[in-house]
1. Would you list, by chain and number, the aspartates and glutamates whose Cα falls below 13 Å from the Cα of K69, excluding same-chain residues fewer than 8 positions away?
2. Could you give the nm distance between label points at V16 and V186, where each point is 7 Å from its Cα heading toward the beta carbon?
3. Taking Cα pairs under 8 Å and at least six residues apart, what relative contact order does the chain come out at, in percent?
4. Using Cα extents along the principal axes in Å as the read-out, say which of (i) 67, 59, 27; (ii) 75, 47, 35; (iii) 67, 52, 41 was calculated from these coordinates.
5. With only alpha-carbon atoms counted, please give the Rg and Dmax of region 41-156, in Å.
6. Report the calculated FRET efficiency for H121 and A256 (r = Cβ-Cβ distance, R0 = 30 Å), to the nearest 0.05.
7. Which of the GluC sites (Glu not before Pro) found in region 277-312 are in a DSSP loop and have at most 15 neighbouring Cβ atoms, other than their own, within 10 Å?
8. For helix 186-203, what angle does its Cα long axis make with the longest principal axis of the chain, in degrees from 0 to 90 and rounded to 10?
Amino acid sequence: MNEPILKIENLSVDYVTGETLVRAVDRVSLDVKPGEIVGLAGESGCGKTTLAKAILRILPPPAIITGGKIEYRGKNILEINEGELRKLRWQKISIVFQSAMNALNPVIRIGEQITDVILAHKSVSPDEAYDRASQLLEMVGIHPIHLNSYSHQLSGGMRQRVCIALALALEPDIVIMDEPTTALDVIVEREILNQIKDLQARLGFSVIYITHDLARLLQFSHRLAILYAAHIAEIAPAQELQENPLHPYTQKLMRAMPSLVPSEVKPETIPGTPPSLASPPPGCRFHPRCDRAIEICQREKPPLVEKATNHLVACHLAS
């Protein structure tokens, strides 16, 4: 692939409430290449959604970006003004939020919501925007008659498709998808994922895909990043990660996945709970839950190092 279209370097995000500081993203580095699907996986609270919102600078208070840089085509998003940021959002980088029902306005028809996005960024007539909205619905498998519908009149899967249509309205280079199939049944989920992959292959946009479903990510993504307690534990191509996971956390996540075929091997649980980000443990943050931890794991943070081609891991045992 070509040079990265998006580069995140040593990004840190803090939530500050009174005298308490919680670092939800801690010096994270990640890149996305043109036409690539990058998956982000990890337990709740590991920093996936915070990282996604930081890219677009839409973090609500009390979140503050406290370090690092986010470069889109060589320009640092954290340094551009509001006018430049407005041009970047949705035209270059868009997002599909986790809850479609909350993302859509319940008192405005679907057609108006889509045309509003187009008219806010493009110099086109209302009729041209409406035609584009009709094309977008057809592209995601919804009949244009639903341009006159309200969000509550659509099924969960249809609402999610509308959110995808909104994200693609201005043909962005990167689409961030934050658990876009949450609360959908497995059949609808599969249909939407297949549709996303088909649209991505046809239109050529890159995807940052966030989910808890590691099995689905392994099928869907080109490359995966495993997050744990605000840090990246491992990054590798999907097939490489499936065949040769190096971090103990990744290995345990793999063993926790249920098998799709009959097997005597039962899924394993990961003992313990993720640490508090207000007072994380020293050294490797996974060491309190790791049955292979050694003395150095308790005192020194492992660096993220390349152990094979494009396969990086932050683990003393791997090094």
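Nothing in this text is a laboratory measurement; each read-out follows from the coordinates by a stated rule. Just so you know, these numbers come straight off a predicted model, no measurement behind them. FYI the Cβ positions are ideal-geometry reconstructions off the backbone, even for glycines, and counts take in every protein chain you see.
1. Cα-Cα hits under 13 Å: E9, D26, D31, E79.
2. Once both label points are built, they end up 4.7 nm from each other.
3. RCO, the chain: 20 percent.
4. (iii)
5. Final numbers for Rg and Dmax: 16.8, 47 Å.
6. On the way: r = 43 Å, r/R0 = 1.42.
The formula returns an efficiency of 0.10 here.
7. Qualifying residues, ordered by number: E300.
8. Between the helix axis and the principal axis of the chain, the angle is about 80 degrees.
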